[in-house]
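Right, one structure below, let's go through it.
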């Protein structure tokens, strides 16, 4: 049910760690032997300096970010020879609760992927800047339970709307909606194991935002929170069987209608912050850097943790005009910096 594309993850290991731990592990050769289907591709590069780059590309048709994290960390643990038992992925739970659809031929993303006038930039939110951002929002609304994901998501949404307003030339904020991908494994009753394999996520949709006066950051924080919170155990319990794919189809079709027919921007966010890619130690030490690429879809953002776990790196895709405006927005740059 996910968009029909592959998503890559690149893990960089420094030369000093590789030399310290040694490189006598044959993990990549083992992986190439075991998997020959086009659900995953693996490539290991070793540079003259001694550093390693492990690239892994997953098919999003059957694997989501949580599955990818479980796979990489289990593979890394097995490569180090740790653990008495190999991790057996939970393949059956998702299929039993949400049976796969046969002859599913609807192109959910036609007209939304591959725009030529879009650009992706990496944006860094340091721990101190996130603290300052949350402090400002708390001052506005006296809500002390704002998460860093909610704060950063709302800031990117608000600043993107300001960029769209500046690009349009009519001096008006566009009406917009946002959605946030929600991992449903821990939302279900009973919860599913974190190693359950599949695309076990759902899109939390915000209500429509029409700005008639001041665009306030804490208002968007509330919209983001409401969108995520509505994907709870009660909501998920109503999606068993064909209702789950039908809801996903309706969500994507709604996005297409808004974006393509009504010209209402739809801002999509997904957080990989809790997926622990920086824990993937194959025997060379932990990665010094983990990266992916932006999705070729307008108004899309992926949030990842920085190496220390305290900051956030965001890959944000906007139109070239909107990105130019965003890069000149002083209110945004108070809390964010563009990676050159």
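The values are calculated or read from the model by the stated rules, or taken from the named source; none is laboratory data. Model, not experiment: these values are computed from the prediction. Here the Cβ positions follow ideal geometry from the backbone for every residue, glycine too, while neighbour counts run over all protein chains shown.
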Can you tell me how many residues within segment 45-62 are outside any loop (DSSP other than H, G, I, E, B), touching a helix residue (DSSP H, G or I) at 6+ places or on another chain (Cβ under 6 Å) and surrounded by fewer than 18 Cβ atoms within 10 Å (Cβ to Cβ)? 0
Residue under question is residue 132, and the condition is that it be assigned by TED's automatic domain parsing to the domain that holds residue 256, outside any strand (DSSP E or B), modelled with pLDDT of 90 or more and surrounded by fewer than 20 Cβ atoms within 10 Å (Cβ to Cβ); does it hold? yes
Mind counting the residues in segment 316-333 that are surrounded by 13 or more Cβ atoms within 10 Å (Cβ to Cβ) and not in a helix (DSSP H, G or I)? 6
Exactly one of these conditions fails for residue 145: (1) within 25 Å of residue 256 (Cβ to Cβ); (2) surrounded by fewer than 16 Cβ atoms within 10 Å (Cβ to Cβ). Give me its number. (1)
From the list 8, 4, which one is modelled with pLDDT under 85, assigned to a strand (DSSP E or B) and surrounded by fewer than 16 Cβ atoms within 10 Å (Cβ to Cβ)? 8
Across (1) at pLDDT below 85; (2) crowded, with 17+ Cβ neighbours inside 10 Å; (3) under 22 Å from the mean Cα position of the chain (by Cα), residue 203 clears everything bar (1)
Return the residues of segment 286-314 that are in contact (Cβ under 8 Å) with a residue 40 or more places away in the chain, more than 19 Å from residue 56 (Cα to Cα) and not in a loop (DSSP other than H, G, I, E, B); say none if nothing qualifies. 297, 301, 312, 313, 314
If you go through segment 209-229 one residue at a time, how many are outside any helix (DSSP H, G or I) and touching a strand residue (DSSP E or B) at 6+ places or on another chain (Cβ under 6 Å)? 1
Of all the residues that make up segment 218-238, how many are crowded, with 20+ Cβ neighbours inside 10 Å and either in the same structural domain as residue 63 (by TED's automatic domain parsing) or in contact with a helix residue (DSSP H, G or I) (Cβ under 7 Å, 6 or more places away or on another chain) (or both)? 4
Looking at this structure, is residue 263 outside the structural domain of residue 67 (by TED's automatic domain parsing), at positive phi and either in contact (Cβ under 8 Å) with a residue 40 or more places away in the chain or not in a strand (DSSP E or B) (or both)? yes
Just to be sure, is residue 180 within 19 Å of residue 298 (Cα to Cα) and assigned to a strand (DSSP E or B)? yes
Considering every residue within segment 213-227, establish whether at least one is without any contact (Cβ under 8 Å) to a residue 24 or more places away in the chain and under 22 Å from residue 96 (Cβ atoms). no
